[in-house]
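> I have a structure here, written as C-alpha coordinates, and I will follow up with some questions on it.
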Amino acid sequence: MILPYRLLKAALGSLWAFRSYAALMMIGLVIGIASLTVIHEIGEGAQKMVGDRMASMGFGANAFYISAGGGKLGVRHGMKRTMTLTPEDAEAIGRLDGVDQVVPHKNVARTQISAGGRHTNTRVRGTPPGWAAARNWTVQQGRFVNLRDLVTFNRVAVLGTTVARELFGGAIPVGKRVRIGRTPFTVVGVMDSKGSFGHRDRDDFVIVPFTTATKRLARDDKLNGMRVMLVSSDRVGEIKAEVTDVLRERHNLAPGVPEDFLIITPDELMQFITRQSRSLVAMLTFISAVSLFVSGVVIMNIMLVAVSERSYEIGVRRAVGARRRDIMYQVLMESLIVAAAGGLCGLGLGVLLSYLATILLNIPTAFSPMGFAWALGFSAGVGLLFGLAPARKAALLHPVEALR
(Lines give C-alpha, C1' and ligand atoms only; values in the text may rest on other atoms or scores of the structure.)
Protein backbone atom coordinates (compact mmCIF):
# COMPACT_ATOMS: atom_id res chain seq x y z
CA MET A 1 0.00 0.00 0.00
CA ILE A 2 1.28 3.50 -0.79
CA LEU A 3 2.42 5.41 2.28
CA PRO A 4 0.25 8.47 3.14
CA TYR A 5 2.92 11.07 2.29
CA ARG A 6 3.70 9.32 -1.01
CA LEU A 7 -0.02 9.14 -1.77
CA LEU A 8 -0.39 12.87 -1.08
CA LYS A 9 2.68 13.66 -3.19
CA ALA A 10 1.39 11.58 -6.11
CA ALA A 11 -2.06 13.20 -5.89
CA LEU A 12 -0.62 16.72 -5.83
CA GLY A 13 1.61 15.89 -8.80
CA SER A 14 -1.32 14.62 -10.83
CA LEU A 15 -3.44 17.65 -9.96
CA TRP A 16 -0.63 19.98 -10.98
CA ALA A 17 -0.32 18.19 -14.30
CA PHE A 18 -4.07 18.66 -14.83
CA ARG A 19 -4.32 22.05 -13.05
CA SER A 20 -6.80 23.48 -15.54
CA TYR A 21 -9.21 20.66 -14.68
CA ALA A 22 -8.57 21.22 -10.95
CA ALA A 23 -9.39 24.93 -11.29
CA LEU A 24 -12.66 24.16 -13.09
CA MET A 25 -13.64 21.69 -10.39
CA MET A 26 -12.95 24.22 -7.65
CA ILE A 27 -14.98 27.12 -9.07
CA GLY A 28 -18.39 25.70 -8.23
CA LEU A 29 -17.26 24.64 -4.77
CA VAL A 30 -15.85 28.08 -4.00
CA ILE A 31 -19.12 29.77 -4.93
CA GLY A 32 -21.26 27.27 -3.00
CA ILE A 33 -19.12 27.34 0.16
CA ALA A 34 -18.86 31.15 0.05
CA SER A 35 -22.64 31.49 -0.13
CA LEU A 36 -23.06 28.99 2.72
CA THR A 37 -20.59 30.95 4.86
CA VAL A 38 -22.29 34.28 4.16
CA ILE A 39 -25.73 32.85 4.97
CA HIS A 40 -24.65 31.53 8.37
CA GLU A 41 -22.71 34.70 9.24
CA ILE A 42 -25.75 36.86 8.43
CA GLY A 43 -27.97 34.59 10.55
CA GLU A 44 -25.51 34.76 13.45
CA GLY A 45 -25.18 38.52 13.04
CA ALA A 46 -28.95 39.01 13.08
CA GLN A 47 -29.30 37.10 16.35
CA LYS A 48 -26.43 39.06 17.91
CA MET A 49 -27.95 42.35 16.76
CA VAL A 50 -31.32 41.47 18.29
CA GLY A 51 -29.65 40.50 21.56
CA ASP A 52 -27.73 43.79 21.64
CA ARG A 53 -30.88 45.76 20.85
CA MET A 54 -32.77 44.00 23.62
CA ALA A 55 -30.00 44.84 26.07
CA SER A 56 -29.94 48.48 24.92
CA MET A 57 -33.70 48.69 25.49
CA GLY A 58 -33.35 47.37 29.03
CA PHE A 59 -35.06 44.12 28.13
CA GLY A 60 -32.56 42.04 30.03
CA ALA A 61 -32.85 38.74 31.86
CA ASN A 62 -34.42 40.42 34.92
CA ALA A 63 -37.47 41.85 33.13
CA PHE A 64 -40.46 40.85 31.07
CA TYR A 65 -43.14 42.69 29.13
CA ILE A 66 -46.92 42.48 29.39
CA SER A 67 -48.88 43.48 26.28
CA ALA A 68 -52.61 44.16 26.20
CA GLY A 69 -54.85 42.14 23.91
CA GLY A 70 -53.73 38.54 24.33
CA GLY A 71 -52.73 36.41 21.34
CA LYS A 72 -49.42 34.70 20.71
CA LEU A 73 -45.91 35.96 20.19
CA GLY A 74 -45.33 36.68 16.49
CA VAL A 75 -49.06 36.64 15.61
CA ARG A 76 -50.43 40.06 14.71
CA HIS A 77 -53.46 41.29 16.59
CA GLY A 78 -56.59 42.20 14.74
CA MET A 79 -57.52 45.80 14.08
CA LYS A 80 -59.71 45.85 17.21
CA ARG A 81 -57.55 44.80 20.12
CA THR A 82 -59.14 44.39 23.55
CA MET A 83 -57.50 46.83 25.96
CA THR A 84 -58.08 45.58 29.49
CA LEU A 85 -54.86 46.41 31.31
CA THR A 86 -55.25 49.26 33.80
CA PRO A 87 -53.02 51.31 36.12
CA GLU A 88 -54.54 49.33 39.00
CA ASP A 89 -53.22 46.12 37.39
CA ALA A 90 -49.75 47.66 37.34
CA GLU A 91 -50.04 48.59 41.02
CA ALA A 92 -51.16 45.06 41.93
CA ILE A 93 -48.22 43.52 40.07
CA GLY A 94 -45.85 46.00 41.71
CA ARG A 95 -46.87 44.66 45.14
CA LEU A 96 -45.77 41.10 44.31
CA ASP A 97 -42.70 39.75 46.09
CA GLY A 98 -39.67 39.86 43.79
CA VAL A 99 -40.98 42.69 41.59
CA ASP A 100 -38.72 45.73 41.68
CA GLN A 101 -40.61 48.13 39.44
CA VAL A 102 -43.53 48.20 37.00
CA VAL A 103 -43.40 50.73 34.16
CA PRO A 104 -46.73 51.08 32.29
CA HIS A 105 -47.22 53.03 29.09
CA LYS A 106 -50.13 54.45 27.14
CA ASN A 107 -49.91 54.81 23.35
CA VAL A 108 -51.84 57.62 21.71
CA ALA A 109 -52.91 57.18 18.09
CA ARG A 110 -50.27 58.41 15.65
CA THR A 111 -50.98 62.10 15.37
CA GLN A 112 -49.70 65.34 13.92
CA ILE A 113 -47.07 67.30 15.83
CA SER A 114 -46.47 70.90 14.76
CA ALA A 115 -44.14 73.74 15.68
CA GLY A 116 -44.25 77.01 13.80
CA GLY A 117 -44.82 76.15 10.17
CA ARG A 118 -43.42 72.60 10.39
CA HIS A 119 -45.45 69.44 10.84
CA THR A 120 -44.79 65.72 11.26
CA ASN A 121 -46.82 62.64 12.13
CA THR A 122 -45.37 60.50 14.89
CA ARG A 123 -46.05 58.13 17.76
CA VAL A 124 -47.07 59.70 21.08
CA ARG A 125 -46.56 57.67 24.24
CA GLY A 126 -47.52 58.46 27.81
CA THR A 127 -45.05 57.17 30.39
CA PRO A 128 -44.14 57.53 34.07
CA PRO A 129 -40.75 59.02 35.10
CA GLY A 130 -39.11 55.57 35.33
CA TRP A 131 -39.65 54.72 31.66
CA ALA A 132 -36.32 56.06 30.39
CA ALA A 133 -34.23 54.36 33.10
CA ALA A 134 -36.05 51.04 32.54
CA ARG A 135 -35.04 51.17 28.88
CA ASN A 136 -31.46 52.36 29.47
CA TRP A 137 -32.34 55.52 27.54
CA THR A 138 -30.70 58.80 28.48
CA VAL A 139 -31.71 62.41 27.83
CA GLN A 140 -29.54 64.38 25.40
CA GLN A 141 -30.95 67.82 26.20
CA GLY A 142 -33.10 69.07 29.06
CA ARG A 143 -34.87 66.51 31.25
CA PHE A 144 -37.34 63.63 31.22
CA VAL A 145 -40.87 63.79 32.64
CA ASN A 146 -40.88 63.86 36.46
CA LEU A 147 -43.25 63.07 39.30
CA ARG A 148 -44.62 66.61 39.44
CA ASP A 149 -45.55 66.41 35.74
CA LEU A 150 -47.40 63.20 36.52
CA VAL A 151 -49.32 64.59 39.50
CA THR A 152 -50.27 67.90 37.89
CA PHE A 153 -51.08 66.52 34.41
CA ASN A 154 -48.44 68.86 32.97
CA ARG A 155 -48.49 69.46 29.23
CA VAL A 156 -44.79 68.82 28.72
CA ALA A 157 -43.16 66.74 26.00
CA VAL A 158 -39.85 64.96 25.43
CA LEU A 159 -38.93 64.55 21.77
CA GLY A 160 -37.08 61.82 19.94
CA THR A 161 -34.18 63.10 17.85
CA THR A 162 -36.04 62.51 14.55
CA VAL A 163 -39.00 64.64 15.64
CA ALA A 164 -36.68 67.32 17.06
CA ARG A 165 -34.79 67.50 13.76
CA GLU A 166 -37.94 67.62 11.61
CA LEU A 167 -39.60 70.34 13.70
CA PHE A 168 -36.65 72.49 14.75
CA GLY A 169 -33.79 71.64 12.39
CA GLY A 170 -30.53 72.51 14.16
CA ALA A 171 -32.15 74.75 16.81
CA ILE A 172 -32.45 73.71 20.46
CA PRO A 173 -36.08 72.57 21.08
CA VAL A 174 -36.02 72.75 24.91
CA GLY A 175 -38.32 75.47 26.18
CA LYS A 176 -40.19 75.84 22.89
CA ARG A 177 -43.83 75.06 22.20
CA VAL A 178 -45.29 72.29 20.05
CA ARG A 179 -48.84 71.20 19.35
CA ILE A 180 -49.88 67.58 19.66
CA GLY A 181 -53.05 67.61 17.65
CA ARG A 182 -54.62 70.83 18.90
CA THR A 183 -53.17 70.74 22.43
CA PRO A 184 -50.12 72.91 23.17
CA PHE A 185 -47.15 71.35 24.97
CA THR A 186 -43.81 72.69 26.19
CA VAL A 187 -40.69 70.77 25.15
CA VAL A 188 -38.62 69.91 28.24
CA GLY A 189 -36.16 67.42 26.75
CA VAL A 190 -34.73 65.54 23.78
CA MET A 191 -33.75 61.87 24.06
CA ASP A 192 -30.48 60.36 22.87
CA SER A 193 -30.60 58.69 19.46
CA LYS A 194 -31.11 54.91 19.37
CA GLY A 195 -31.11 54.58 15.58
CA SER A 196 -33.27 52.32 13.46
CA PHE A 197 -34.32 48.72 14.04
CA GLY A 198 -35.09 47.18 10.66
CA HIS A 199 -37.44 49.63 8.93
CA ARG A 200 -38.56 51.22 12.20
CA ASP A 201 -37.06 54.55 13.27
CA ARG A 202 -36.75 54.24 17.04
CA ASP A 203 -36.18 58.01 17.41
CA ASP A 204 -39.50 58.99 15.79
CA PHE A 205 -41.66 59.53 18.90
CA VAL A 206 -42.88 62.00 21.51
CA ILE A 207 -43.07 61.23 25.23
CA VAL A 208 -45.64 62.93 27.48
CA PRO A 209 -46.52 62.25 31.16
CA PHE A 210 -48.62 59.12 31.59
CA THR A 211 -51.50 60.97 33.29
CA THR A 212 -51.50 63.67 30.62
CA ALA A 213 -51.80 61.02 27.91
CA THR A 214 -54.73 59.28 29.61
CA LYS A 215 -56.66 62.39 30.70
CA ARG A 216 -55.90 65.02 28.06
CA LEU A 217 -55.07 63.11 24.85
CA ALA A 218 -56.49 59.57 24.75
CA ARG A 219 -59.17 60.25 27.40
CA ASP A 220 -59.11 56.68 28.72
CA ASP A 221 -56.88 54.94 31.26
CA LYS A 222 -56.40 51.59 29.50
CA LEU A 223 -52.75 50.56 29.13
CA ASN A 224 -51.07 49.26 26.00
CA GLY A 225 -48.53 47.42 28.06
CA MET A 226 -46.10 47.47 30.95
CA ARG A 227 -42.54 46.44 31.64
CA VAL A 228 -42.00 44.45 34.82
CA MET A 229 -38.51 44.80 36.34
CA LEU A 230 -37.53 42.03 38.77
CA VAL A 231 -35.16 42.00 41.73
CA SER A 232 -33.45 38.90 40.33
CA SER A 233 -33.50 36.99 37.06
CA ASP A 234 -33.69 33.66 38.92
CA ARG A 235 -37.46 33.87 39.46
CA VAL A 236 -38.69 34.98 36.02
CA GLY A 237 -40.78 31.86 35.43
CA GLU A 238 -42.23 31.85 38.95
CA ILE A 239 -43.16 35.54 38.92
CA LYS A 240 -44.59 35.24 35.42
CA ALA A 241 -46.96 32.54 36.73
CA GLU A 242 -47.92 34.76 39.68
CA VAL A 243 -48.58 37.73 37.40
CA THR A 244 -50.75 35.53 35.16
CA ASP A 245 -52.82 34.44 38.17
CA VAL A 246 -53.20 38.03 39.41
CA LEU A 247 -54.32 39.37 36.04
CA ARG A 248 -56.71 36.49 35.36
CA GLU A 249 -58.32 37.06 38.76
CA ARG A 250 -58.53 40.83 38.31
CA HIS A 251 -60.01 40.44 34.81
CA ASN A 252 -62.49 37.79 35.97
CA LEU A 253 -61.33 35.19 33.47
CA ALA A 254 -62.91 31.79 34.07
CA PRO A 255 -60.79 28.61 33.75
CA GLY A 256 -60.24 27.75 30.10
CA VAL A 257 -60.85 31.30 28.87
CA PRO A 258 -57.79 32.64 26.98
CA GLU A 259 -55.84 35.51 28.55
CA ASP A 260 -56.61 39.02 27.34
CA PHE A 261 -52.95 39.89 27.82
CA LEU A 262 -49.62 38.49 26.61
CA ILE A 263 -46.52 38.08 28.78
CA ILE A 264 -43.23 38.06 26.85
CA THR A 265 -40.02 37.03 28.60
CA PRO A 266 -36.53 37.63 27.14
CA ASP A 267 -35.98 33.87 26.69
CA GLU A 268 -39.26 33.47 24.80
CA LEU A 269 -38.45 36.43 22.57
CA MET A 270 -34.97 35.13 21.78
CA GLN A 271 -36.33 31.63 21.10
CA PHE A 272 -38.92 33.10 18.72
CA ILE A 273 -36.31 35.16 16.88
CA THR A 274 -33.94 32.19 16.76
CA ARG A 275 -36.65 29.96 15.26
CA GLN A 276 -37.45 32.55 12.61
CA SER A 277 -33.81 33.13 11.66
CA ARG A 278 -33.06 29.40 11.65
CA SER A 279 -35.95 28.75 9.31
CA LEU A 280 -34.59 31.34 6.88
CA VAL A 281 -31.01 30.06 7.24
CA ALA A 282 -32.19 26.47 6.71
CA MET A 283 -33.98 27.43 3.49
CA LEU A 284 -30.98 29.32 2.14
CA THR A 285 -28.66 26.51 3.25
CA PHE A 286 -30.75 24.07 1.22
CA ILE A 287 -30.34 26.30 -1.85
CA SER A 288 -26.57 26.40 -1.27
CA ALA A 289 -26.53 22.63 -0.81
CA VAL A 290 -28.18 22.23 -4.22
CA SER A 291 -25.45 24.36 -5.79
CA LEU A 292 -22.83 22.23 -4.02
CA PHE A 293 -24.51 19.09 -5.35
CA VAL A 294 -24.26 20.51 -8.86
CA SER A 295 -20.60 21.32 -8.18
CA GLY A 296 -20.09 17.70 -7.09
CA VAL A 297 -21.58 16.43 -10.34
CA VAL A 298 -19.22 18.73 -12.26
CA ILE A 299 -16.26 17.40 -10.23
CA MET A 300 -17.27 13.82 -10.93
CA ASN A 301 -17.63 14.37 -14.67
CA ILE A 302 -14.37 16.27 -15.03
CA MET A 303 -12.52 13.59 -13.06
CA LEU A 304 -14.05 10.87 -15.21
CA VAL A 305 -12.72 12.68 -18.26
CA ALA A 306 -9.33 13.08 -16.55
CA VAL A 307 -9.23 9.36 -15.72
CA SER A 308 -9.87 8.54 -19.39
CA GLU A 309 -7.02 10.82 -20.46
CA ARG A 310 -4.72 9.29 -17.85
CA SER A 311 -5.47 5.68 -18.75
CA TYR A 312 -1.94 5.11 -20.10
CA GLU A 313 -0.40 6.46 -16.86
CA ILE A 314 -2.68 4.22 -14.82
CA GLY A 315 -1.83 1.21 -17.02
CA VAL A 316 1.92 1.76 -16.49
CA ARG A 317 1.47 1.98 -12.73
CA ARG A 318 -0.61 -1.20 -12.69
CA ALA A 319 2.02 -2.94 -14.83
CA VAL A 320 4.81 -2.13 -12.37
CA GLY A 321 2.93 -3.43 -9.36
CA ALA A 322 0.37 -0.83 -8.21
CA ARG A 323 -2.76 -2.44 -6.86
CA ARG A 324 -6.32 -1.40 -7.62
CA ARG A 325 -6.82 0.09 -4.18
CA ASP A 326 -3.64 2.18 -4.61
CA ILE A 327 -5.11 3.71 -7.77
CA MET A 328 -8.47 4.20 -6.07
CA TYR A 329 -6.91 5.89 -3.01
CA GLN A 330 -4.92 8.27 -5.19
CA VAL A 331 -7.94 9.40 -7.21
CA LEU A 332 -9.97 9.81 -4.02
CA MET A 333 -7.12 11.83 -2.51
CA GLU A 334 -7.12 14.09 -5.57
CA SER A 335 -10.86 14.63 -5.19
CA LEU A 336 -10.52 15.42 -1.48
CA ILE A 337 -7.66 17.86 -2.13
CA VAL A 338 -9.74 19.70 -4.73
CA ALA A 339 -12.71 19.80 -2.35
CA ALA A 340 -10.60 20.97 0.61
CA ALA A 341 -8.91 23.69 -1.46
CA GLY A 342 -12.29 24.81 -2.83
CA GLY A 343 -13.77 24.78 0.68
CA LEU A 344 -10.97 26.90 2.16
CA CYS A 345 -11.08 29.37 -0.72
CA GLY A 346 -14.88 29.52 -0.38
CA LEU A 347 -14.58 30.19 3.36
CA GLY A 348 -12.13 33.00 2.72
CA LEU A 349 -14.37 34.51 0.05
CA GLY A 350 -17.43 34.13 2.30
CA VAL A 351 -15.74 35.93 5.21
CA LEU A 352 -14.65 38.72 2.86
CA LEU A 353 -18.16 39.09 1.39
CA SER A 354 -19.66 39.15 4.90
CA TYR A 355 -17.26 41.91 5.88
CA LEU A 356 -18.13 43.91 2.77
CA ALA A 357 -21.86 43.39 3.42
CA THR A 358 -21.41 44.86 6.90
CA ILE A 359 -19.31 47.81 5.71
CA LEU A 360 -21.13 48.71 2.49
CA LEU A 361 -24.72 47.52 3.05
CA ASN A 362 -24.93 47.78 6.87
CA ILE A 363 -26.02 44.13 7.09
CA PRO A 364 -25.13 42.67 10.50
CA THR A 365 -22.83 39.64 10.34
CA ALA A 366 -20.88 37.67 12.93
CA PHE A 367 -18.52 34.72 12.79
CA SER A 368 -20.49 31.48 12.88
CA PRO A 369 -18.64 28.38 14.14
CA MET A 370 -21.58 26.30 12.92
CA GLY A 371 -21.31 27.83 9.45
CA PHE A 372 -17.56 27.15 9.43
CA ALA A 373 -18.16 23.50 10.37
CA TRP A 374 -20.97 23.11 7.81
CA ALA A 375 -18.78 24.56 5.06
CA LEU A 376 -15.87 22.23 5.77
CA GLY A 377 -18.19 19.24 6.18
CA PHE A 378 -19.99 19.94 2.92
CA SER A 379 -16.78 20.39 0.94
CA ALA A 380 -15.24 17.18 2.34
CA GLY A 381 -18.47 15.27 1.73
CA VAL A 382 -18.72 16.50 -1.86
CA GLY A 383 -15.11 15.50 -2.53
CA LEU A 384 -15.56 12.03 -1.06
CA LEU A 385 -18.99 11.27 -2.50
CA PHE A 386 -18.39 12.46 -6.05
CA GLY A 387 -14.83 11.15 -6.18
CA LEU A 388 -15.95 7.54 -5.68
CA ALA A 389 -17.14 6.93 -9.26
CA PRO A 390 -13.94 8.24 -10.94
CA ALA A 391 -11.80 6.38 -8.37
CA ARG A 392 -13.65 3.13 -9.02
CA LYS A 393 -13.37 3.59 -12.80
CA ALA A 394 -9.61 4.18 -12.51
CA ALA A 395 -9.13 1.17 -10.22
CA LEU A 396 -11.04 -1.16 -12.57
CA LEU A 397 -8.99 -0.27 -15.67
CA HIS A 398 -7.26 -3.40 -17.01
CA PRO A 399 -3.47 -2.80 -17.38
CA VAL A 400 -3.28 -4.29 -20.87
CA GLU A 401 -6.28 -2.34 -22.15
CA ALA A 402 -5.03 0.86 -20.50
CA LEU A 403 -1.60 0.56 -22.22
CA ARG A 404 -3.06 0.25 -25.73
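> For the condition at pLDDT 90 or above, within 28 Å of residue 247 (Cα to Cα) and either assigned by TED's automatic domain parsing to the domain that holds residue 171 or in a strand (DSSP E or B) (or both), what is the one hit in 144, 64, 153? Before you say what the answer is, go through the steps one by one.
Details: 144 fails: within 28 Å of residue 247 (Cα to Cα); 64 fails: at pLDDT 90 or above.
It is 153.
> If the requirement is being modelled with pLDDT of 90 or more and either exposed (fewer than 15 other Cβ atoms within 10 Å of the Cβ) or aliphatic (A, V, I, L, M) (or both), which of these qualifies: 231, 243, 281, 290?
Numbers: 231 fails: modelled with pLDDT of 90 or more; 281 fails: modelled with pLDDT of 90 or more; 290 fails: modelled with pLDDT of 90 or more.
Sole residue among the options that is modelled with pLDDT of 90 or more and either exposed (fewer than 15 other Cβ atoms within 10 Å of the Cβ) or aliphatic (A, V, I, L, M) (or both): 243.
> From the residues in region 255-268 that are closer than 14 Å to residue 64 by Cβ, of a type in the set (A, V, I, L, M) and out of contact with any helix residue (DSSP H, G or I) (no Cβ under 7 Å at 6 or more places or on another chain), which one is modelled with the lowest pLDDT?
264
> Right, next: May I ask you to list the residues in region 67-84 that are within 17 Å of residue 108 (Cβ to Cβ), at pLDDT 70 or above and not polar (S, T, N, Q)?
If the condition is that a residue be within 17 Å of residue 108 (Cβ to Cβ), at pLDDT 70 or above and not polar (S, T, N, Q), then 68, 69, 83 are the ones that fit.
> Filter region 182-221 down to residues that are small (Gly, Ala, Ser) and surrounded by fewer than 14 Cβ atoms within 10 Å (Cβ to Cβ) and give me whichever is farthest from residue 144 (Cα to Cα).
Restricting to residues being small (Gly, Ala, Ser) and surrounded by fewer than 14 Cβ atoms within 10 Å (Cβ to Cβ), the top hit is 198.
> Out of 125, 165, I need the residue that is of a type in the set (Lys, Arg), outside any loop (DSSP other than H, G, I, E, B) and farther than 18 Å from residue 221 by Cβ. Which one? Steps first, answer last, please.
Details: 125 fails: farther than 18 Å from residue 221 by Cβ.
Criteria check complete, one pass: 165.
> Next question. Before we move on, is residue 357 under 19 Å from the mean Cα position of the chain (by Cα) and modelled with pLDDT of 75 or more?
Numbers: under 19 Å from the mean Cα position of the chain (by Cα): yes; modelled with pLDDT of 75 or more: yes.
So residue 357 passes the test.
> What's the number of the only condition in (1) modelled with pLDDT of 70 or more; (2) on the phi < 0 side of the Ramachandran plot that residue 3 fails to meet?
Only one criterion is unmet by residue 3, namely (1).
> Which residue, of 152, 186, is without any contact (Cβ under 8 Å) to a residue 24 or more places away in the chain and out of contact with any Asp or Glu (no Cβ under 8 Å at 6 or more places or on another chain)? If you could, list the steps in order and put the result at the bottom.
Working: 186 fails: without any contact (Cβ under 8 Å) to a residue 24 or more places away in the chain.
Within the list 152, 186, the selection yields 152.
The values are calculated or read from the model by the stated rules, or taken from the named source; none is laboratory data. Bear in mind the structure is a predicted one, so any value in this text is a computation, not a measurement. Every residue, glycine as well, gets a Cβ built from its backbone with ideal geometry; the counts of neighbours run over all protein chains shown.
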